[in-house]
Structure formats: structure tokens, C-alpha cells
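Down below is the structure, laid out as C-alpha cells.
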Amino acid sequence: MTGDVYRFRPDVFRAVTEAVPLICPAKKDVVAFFRGAGLRHSRLDALAAEVRANREALRKHDMVHELLIVANEDPSNDGLRVQREILKRIVDFNNFEACWPKDQLAAKGAVAKVRELIAEKDAFTRMAQAHDNERAARIKEQAKKVEEARKSKEERDSVKSALYAAIVMPPGRARGVAFEVVLNRVFALDGLLIRESFHLAEDGIGIVEQIDGVIELDNHLYLVEAKFWSENLGVGDVAQHMVRVASRSEMRGLYVVHPGFSEAAIRSVADALQRGVFILGTVEELVHVFEADGSISEWLRAKLRHAMIDKDPHRLVTSK
């Protein structure tokens with residue numbers, strides 16, 4: 001096998017080749033070192049026999065080099081385990097008194113070198129692992145965003161279809177209820193919806209208020225009034241919702257209706273802007289926003305600017 005399949009880096013291989021002969025005083029100790037590390041190979045058996053027969057013909061350095069090649073070329077999990085155990089035995093070695101006196105200082109230096117290289121390798125491994133973990137996290141986050149975008153588009157398409165279905169329903173209460181439901185889904189798309197339609201009741205009186213929904217936009221709450229009629233809302237029709245809003249501190253009002261408002265109703269809401277904030281929106285505008293793949297939140301903000309700056313709560317906004 002060629003060197004590019006070795007598991008030990010060349011510098012680690014050289015350092016181990018230098019360290020093992022120094023910490024193993026005798027040639028039989030070299031054999032024991034590799035056996036203890038778990039190496040099982042015919043070449044190790046052959047060297048053990050040579051040590052017994054003619055140890056003077058062998059050099060420890062050559063033995064270690066040859067056995068390291070054998071261990072390093074094993075691609076199996078057993079080979080990897082042996083390689084790790086070889087390194088561990090060197091790194092953990094501290095019985096330098098067992099070395100030849102003339103070799104003790106060199107053995108300390110050789111062991112220290114292996115420890116240094118292993119620590120460096122571990123540092124690079126940790127950095128590589130951190131990089132891999134970071135990359136995996138980015139990929140996971142990107143996949144999550146893609147999935148969220150897919151689900152968001154599916155929900156938007158579903159809401160759009162429900163809105164169009166409500167528009168073509170025959171006139172009557174069923175259409176009005178269907179529109180209230182789909183309008184709350186419209187607001188939920190942008191995370192604006194706080195509460196769906198509900199009613200307030202008093203003992204002995206029954207239902208005293210019917211609220212079509214509550215949304216929150218830029219830290220402000222809006223009571224929602226949803227109407228799907230055959231004719232424009234008049235002054236009396238918008239006044240009831242203005243009273244509901246006025247009875248709640250810091251509350252704002254939002255109308256989303258079909259087909260629209262009478263001129264008198266628009267003037268009455270505009271006059272009320274000095275006492276509170278009201279927005280007059282239409283189903284036609286909603287359709288334009290969906291057709292343009294626009295943002296419901298930005299549509300409402302544009303309407304709000306016209307109401308508060310221009311005192312025009314009704315100006316049609318179809319480009320957001």
C-alpha cells in the first residue's frame with residue numbers, strides 16, 4: 001500500500017518510530033509492546049521468533065518501523081483500534097526509570113514530541129469537527145427555512161383559495177361567516193392574529209358585543225370588523241364598531257368589508273381620527289395584495305400612514 005492510505009500522519013509516524021525503541025529497553029519488549037496494543041499479525045510472530053533465535057541480528061528501530069507499517073496499513077476497525085492503543089501507550093508512558101540510563105532523557109523528549117503532535121492533531125480534529133458541526137447546523141437551518149417557506153406558501157395558497165371561494169358564495173349569513181373565518185386566516189399568515197371572532201355576554205341580557213377578531217400590528221391592538229354585504233356600509237354601520245373601539249383604552253379599529261363604504265361613512269370615520277385610529281380596508285384590496293404576492297402587514301402599515309398623516313382612513317392601497 002502507498003503512504004496516502006496511512007492513518008498516522010507522517011510526522012506522527014516518525015515520532016512514534018523514535019519513541020517506541022527508547023521506551024522499550026529490550027527487543028522482546030518491543031514485541032510485548034505491540035502485542036499489548038492488540039496487534040495480531042504473522043510478521044509480529046516472525047519477529048518474536050527471530051528475537052528468540054538471534055536477537056543480535058535485529059535493530060529495535062527497524063522492528064518498530066516494520067510493525068508500525070503493518071499496523072498502519074490495516075484499514076479495518078481492529079487496525080484503527082491498534083493504532084489508537086499504540087499512541088495511548090506512548091502518551092501515557094511515564095516509567096522512564098525502566099529505560100536505559102543513557103536513553104532516559106531522549107525517551108522523555110520522544111514521548112513529549114508524540115504528546116505534542118497528538119494534542120495538535122486533536123486540536124485540528126476538534127476544529128474540523130466544529131467546522132463540520134457548524135456546516136451541518138447551517139445546512140439544517142437552511143433546510144428548515146426551505147421547509148417553512150414551502151409550508152408558508154402552501155398555507156398562503158390555501159387562504160387565497162378560501163378567500164376567493166368566500167367571494168363567490170351566494171349572498172347571506174353563510175358567506176359573512178366564511179369571510180370572517182378566512183380573514184382571520186389572512187392575518188394569521190403574517191403572525192398578526194391575536195384572537196379569532198368571539199362575543200361578550202351579560203347575565204340576563206345575552207350577547208352584548210360581537211367581535212370579529214383582534215390583531216396586533218407593531219405593538220398596537222386592533223379590533224377587527226369584517227362585513228361581506230351586497231351594498232356599501234353606511235354611517236350607522238361603522239358607528240357601532242367605533243363605539244366598541246372607543247370603549248377600550250388604547251385600542252384601534254380596523255374594518256375590512258365588501259364592497260366598501262358610503263361617502264358619509266368615510267367622512268364620519270375620518271372625523272373620528274382625532275379621537276382614535278381607524279383603518280378602512282376592502283376585500284378588493286386584499287385580493288390585489290394576494291395577486292401581487294404582497295405582505296398583509298405592509299398593506300396595513302401603508303393604510304395606517306394614510307389614516308394618521310393624511311387623515312384619509314379609506315385610501316385604497318393595492319400595490320403592497
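The values are calculated or read from the model by the stated rules, or taken from the named source; none is laboratory data. Computed from a predicted model, the values in this text were never measured in an experiment. Ideal geometry is used to build each Cβ from the backbone, glycine not excepted, and the neighbour counts take in all protein chains shown. Note: accessible area is taken over every heavy atom of the protein model, side chains too, but ligands, DNA and RNA are not part of it. Shrake-Rupley method; radii C 1.70, N 1.55, O 1.52, S 1.80 Å.
Structure notes:
- Solvent exposure of segment 129-275 amounts to 59 Å² per residue of accessible area, where only protein heavy atoms count and the probe is 1.4 Å.
- Three-way shape call for segment 1-109 based on the alpha-carbon gyration tensor, with the a/c threshold at 1.5: oblate
- Restricting the trypsin sites (Lys or Arg not before Pro) of segment 40-135 to loop positions (DSSP other than H, G, I, E, B) with no more than 12 neighbouring Cβ atoms within 10 Å leaves R40, R59.
- The trypsin sites (Lys or Arg not before Pro) found in segment 189-272 that occupy coil by DSSP, while having at most 15 further C-beta atoms within 10 Å, are R248.
- All distinct Cα pairs of segment 7-65 go into the 1/r average, and the inverse of that average, the Kirkwood radius, is 11.8 Å.
- Karplus 3J(HN,Hα) series, Hz, for segment 171-187 with 6.51 cos²θ - 1.76 cosθ + 1.60 (x for Gly, Pro): x, x, 5, 4, 5, x, 5, 4, 5, 4, 5, 5, 5, 5, 5, 4, 5
- Residue with peak Gaussian network fluctuation, the chain [Cα springs, cutoff 10 Å], from A137, A98, A188: A98
- Annotation: amide H of R195 within the under-5 Å range of V214, sequence separation 5 or more or interchain, hydrogens built in the peptide plane.
- The chain: radius of gyration over Cα atoms, expressed as a fraction of 2.2 N^0.38 Å: 2.06
- Computed log10 I(q)/I(0) for segment 216-320 at 0.13, 0.20, 0.23 Å⁻¹: -0.42, -1.02, -1.35, from the Debye equation with unit scatterers placed on every C-alpha and solvent omitted.
- In the complete set of protein chains, residue-level accessible area for D218 is approximately 80 Å², probe 1.4 angstrom.
- Taking the protein heavy atoms of the chain in the context of the full set of protein chains, the accessible area attributed to carbon and sulfur is 53 percent at 1.4 Å.
- Here, segment 59-181 yields an orientationally averaged convex hull projection of 14.2 nm² when only Cα atoms define the hull.
- Degrees, to the nearest 10: 27-36 long Cα axis against longest axis of the chain: 30
- If you run the Gaussian network model on the chain, springs between alpha carbon atoms under 10 Å, then out of E50, E180, E196 the most flexible one is E50.
- Applying 0.36 nm per residue to the separation of S158 and H199 and subtracting their alpha-carbon distance, the gain on full extension is 12.1 nm.
- Rounded to whole numbers, the Karplus 3J(HN,Hα) couplings from phi for segment 111-116 are 5, 4, 5, 5, 4, 4 Hz, using 6.51 cos²θ - 1.76 cosθ + 1.60 with θ = phi - 60°, and x at Gly and Pro.
- In order along segment 55-63, the Karplus-derived 3J(HN,Hα) couplings, from 6.51 cos²θ - 1.76 cosθ + 1.60 at θ = phi - 60°, round to 5, 5, 7, 10, 10, 4, 4, 5, 4 Hz, and Gly and Pro are given as x.
- Fully extended contour minus Cα-Cα distance, from N94 to V177, at 0.36 nm per residue: 21.6 nm
- DSSP beta bridges fully contained in the chain are about 50 percent antiparallel.
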